[in-house]
1. Does the range 102-118 hold any residues that are surrounded by fewer than 15 Cβ atoms within 10 Å (Cβ to Cβ) and of a type in the set (G, A, S), and which are they?
2. If we scan the range 114-123, do we find a residue that is in a strand (DSSP E or B), small (G, A, S), in contact with a Leu (Cβ under 8 Å, 6 or more places away or on another chain) and at pLDDT 95 or above?
3. Pull up the range 132-154, narrow it to residues that are under 16 Å from V116 (Cα atoms) and assigned to a strand (DSSP E or B), then point me to the one that is farthest from the chain's Cα centre (by Cα).
4. I'm told A128 meets every condition in (1) within 20 Å of Q7 (Cα to Cα); (2) small (G, A, S); (3) over 18 Å from the mean Cα position of the chain (by Cα) except one. Can you identify the failing condition by its number?
5. State all residues of the range 155-202 that are touching a residue at least 24 places away in the same chain (Cβ under 8 Å), polar (S, T, N, Q) and not in a helix (DSSP H, G or I); if no residue qualifies, say none.
6. Keeping to the range 46-101, report how many residues are surrounded by 14 or more Cβ atoms within 10 Å (Cβ to Cβ), of a type in the set (S, T, Y) and assigned to a loop (DSSP other than H, G, I, E, B).
7. Considering only the range 85-99, I want to know if a residue exists there that is more than 23 Å from V142 (Cα to Cα) and of a type in the set (S, T, N, Q).
Amino acid sequence: MILVGHQAPDFTTTIVTEHNEIKKDVSLYDYVHKHHTLLFFYPLDFTFVCPTELIALDQAIDEFNARDIKVIAISVDSQFSHLAWKKTSIHEGGIGPVRFDMASDISHQICQMYGVEHFDKKVALRAAFIIDKQGIVRSQIVNDLPIGRNIHEILRTFDALSHAEQHGEVCPVNWHKGRPAMKESLQSVISYLEKNLHEMTS
């Protein structure tokens, strides 16, 4: 299922906040319209690749906050499992006090709405959805269960979206904040390639 360009499916669920509070009946659209939003699906609490991803997400949380991005991690675990995992130290297989909200999808309804439930394992794939303030999905990354994601690439994608929104330009291959972008014209492409061809893979 490709959701890019479409309205992000809304849902209501229970979350564990960054301050370890359990809140019921929280909607995705309680976040959208106020912030850009990252919906970060992962398979299960107390597993293997998942803690590396969520700890890395927490290590980058200041960068997400600086960009006014609300991060929501979500799996098919209960809110009680999320809270227990947060209260378990990294040295004992937990993730510690990560500073983003964690949503419960114990019914599997949300991962099914987003088309990211594994066909056999019945857990969420490693999926990341970038949602703008109008509620439109602007990027989706979906990895199979053994393949961890790159948090820096997610931040780079947000930067590209922000640049496009602010300047009306398009961002070429391997673009990073501060690098030149392009207008949507043939002459702009030609000019960009003439100046940057040798740097395109760096």
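1. S107, G115
2. no
3. Filtering the range 132-154 for residues that are under 16 Å from V116 (Cα atoms) and assigned to a strand (DSSP E or B), the one farthest from the chain's Cα centre (by Cα) comes out as N143.
4. All conditions are met except number (3).
5. Passing the criteria: N174, T201, S202.
6. Of the residues in the range 46-101, 3 are surrounded by 14 or more Cβ atoms within 10 Å (Cβ to Cβ), of a type in the set (S, T, Y) and assigned to a loop (DSSP other than H, G, I, E, B).
7. Scanning the range 85-99, I find at least one residue that is more than 23 Å from V142 (Cα to Cα) and of a type in the set (S, T, N, Q), so the answer is yes.
Here's the yes/no breakdown for (1) of a type in the set (K, R); (2) on the phi > 0 side of the Ramachandran plot; (3) surrounded by 14 or more Cβ atoms within 10 Å (Cβ to Cβ):
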{"site": "D10", "(1), (2), (3)": "no, no, no"}
{"site": "E21", "(1), (2), (3)": "no, no, no"}
{"site": "V26", "(1), (2), (3)": "no, no, yes"}
{"site": "K34", "(1), (2), (3)": "yes, no, no"}
{"site": "L38", "(1), (2), (3)": "no, no, yes"}
{"site": "L44", "(1), (2), (3)": "no, no, yes"}
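The values are calculated or read from the model by the stated rules, or taken from the named source; none is laboratory data. Not measured: the values here are computed from a predicted model. When we count neighbours, we look across all protein chains shown, and the Cβ atoms used for this are built from the backbone with ideal geometry, even at glycine.
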